[in-house]
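The values are calculated or read from the model by the stated rules, or taken from the named source; none is laboratory data. Nothing here was measured: the structure is a model prediction, and the numbers come from that model. Cβ placement follows ideal geometry from the backbone for every residue including glycine, while neighbour counts extend to all protein chains displayed. These accessible areas exclude ligands, DNA and RNA; they are computed on the full protein's heavy atoms, side chains included. Shrake-Rupley method; radii C 1.70, N 1.55, O 1.52, S 1.80 Å.
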Amino acid sequence: SKTPVKVAVTGAAGQICYSLLFRIASGALLGPDQPVELRLLEITPALKALQGVVMELDDCAFPLLSKVEIGDDAKKVFDGVNLAMLVGARPRTAGMERGDLLSANGAIFTAQGKALNEVAADDIKVLVTGNPANTNALIAMSNASDIPNERFAALTRLDHNRAITQVAQKAGVAVTSVSHMTIWGNHSATQYPDLFHAQIDGKNAAEVINDQAWIADTFIPTVAKRGAAIIEARGSSSAASAANATVECLHDWALGTPAGDWTSMAIPSDGSYGVPEGLISSFPVTIADGKVSIVQGLELDAFSKAKIDASVAELADERAAVTELGLI
Ligand code: NAX
């Protein structure tokens, strides 16, 4: 049988992971014939709760789950890991300024970047879900100089999936009719979900919808503010859908995007579409053999260009702030 793939997950006692870990262990991440070993990182006070989650994993008797290790020391937990999902982060609490938030997360992601650099397997891929995801990924990447930059990414797949469903519902079609969706920029309220290159049953989605006011005033803000709407309705932030997106993103990164479509992923910019090099910004991407490529040659009109530029300017500001704080 196959050698287990070692998957590290941080924030493992948190609400996203309460869904995520079970999806990984059931085979949704790497397929029905690939065993996995889970390496779960938490802060010390959450280890007891994490032990309870491990008891539940045990109680599923997942055939593909070869082993589970937990701990509060990143260097031990990340030892030899092939994939890392960095979900745990410091949320913004009352009275916290943006700088405080960036410093608190900076402490987490500098340490985890360094630990991965020292002990992860040579083929390590790192996906950051914990917010501010793009900048946390930039911090981890910048603190892991021996790991190629292209092995770091931040999650915009949840935004991508939200955009697909919004447009499918508007058009009255199944989600499977929607393809070539793109989220550009930051995983934040400035993100730009792009219907001008998306397709509905192979036709241009913006032309099928034919309602610029709906795109500008309903579709874009609904997708960009969906996280807040979930909090308002559910009383806590997106968890199962964030776990689903994390699994789908890393699944495609490991196994490739389907032929004839692309997905959205925040990856280090190579300067494409005017996004400054090195910023971790969301692009349309295809993936083959573990290699992520930005889709080239899309024409952007003034509306799209302005939206992308605004989100990228926010990322540049965040990079300047963490540079100032000495985190990268
Ligand atoms: P929870 O607060 O339920 O869980 C976070 C867990 O991380 C906690 O158990 C905490 O103890 C742990 N943690 C904190 N510091 C740690 C460290 N240094 N090492 C290991 N673990 C640590 O949050 P949850 O709802 O699970 O969300 C996790 C993160 O995902 C948050 O930052 C959240 O903002 C972010 N999200 C990102 C999304 C995306 O699309 N990129 C969407 C959903 C979500 O909002």
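How about region 281-328: which of its residues are of a type in the set (Asp, Glu) and free of Cβ contacts under 8 Å to residues at least 24 places away in the same chain?
If the condition is that a residue be of a type in the set (Asp, Glu) and free of Cβ contacts under 8 Å to residues at least 24 places away in the same chain, then GLU299, ASP317, GLU324 are the ones that fit.
Among (1) in contact with a His (Cβ under 9 Å, 6 or more places away or on another chain); (2) open to solvent by less than 60 Å² (accessible area, probe 1.4 Å), where does GLU299 come up short?
(2)
State all residues of region 104-115 that are of a type in the set (A, V, I, L, M) and either closer than 22 Å to LEU20 by Cα or surrounded by 20 or more Cβ atoms within 10 Å (Cβ to Cβ) (or both); if no residue qualifies, say none. Outline the logic, then answer.
So in region 104-115, the residues of a type in the set (A, V, I, L, M) come out as 104, 107-108, 111, 115.
Answer for region 104-115, where residues must be of a type in the set (A, V, I, L, M) and either closer than 22 Å to LEU20 by Cα or surrounded by 20 or more Cβ atoms within 10 Å (Cβ to Cβ) (or both): ILE108, ALA115.
Looking at region 240-280, which of its residues are open to solvent by 10 Å² or more (accessible area, probe 1.4 Å) and either of a type in the set (A, V, I, L, M) or within 16 Å of the ligand (Cβ to nearest atom) (or both)?
ALA240, SER241, ASN244, GLU248, HIS251, ASP252, ALA254, LEU255, ALA259, ILE267
Please find, within region 57-103, the residue that is nearest to ASP122 (Cα to Cα) out of those that are loosely packed, with under 12 Cβ neighbours inside 10 Å and among the acidic types (Asp, Glu).
Checked region 57-103; the qualifying residue nearest to ASP122 (Cα to Cα) is ASP73.
What number of residues in region 7-56 are over 27 Å from ILE231 (Cβ atoms), in contact with an Asp or Glu (Cβ under 9 Å, 6 or more places away or on another chain) and open to solvent by 60 Å² or more (accessible area, probe 1.4 Å)?
Here the count works out to 1.
Which residue pairs have Cβ atoms under 6 Å apart, sit 6 or more places apart or on different chains, and have a first residue in region 231-252 that is free of Cβ contacts under 8 Å to residues at least 24 places away in the same chain and of a type in the set (Lys, Arg) and a second that is within 12 Å of the ligand (Cβ to nearest atom) and open to solvent by 40 Å² or more (accessible area, probe 1.4 Å)?
none
Any idea how many residues of region 232-271 are closer than 18 Å to ASP159 by Cβ and not in a loop (DSSP other than H, G, I, E, B)?
Of the residues in that region, 22 qualify.
How do the pairs read when you match residues in region 94-116 that are over 26 Å from ILE147 (Cα atoms) with residues anywhere that are among the acidic types (Asp, Glu), using Cβ under 9 Å and keeping only pairs 6 or more apart or on different chains?
ARG98/GLU318; GLY99/GLU324
Taking only region 222-236 into account, find how many residues are open to solvent by less than 50 Å² (accessible area, probe 1.4 Å) and within 11 Å of the ligand (Cβ to nearest atom).
Number satisfying all stated conditions: 3.
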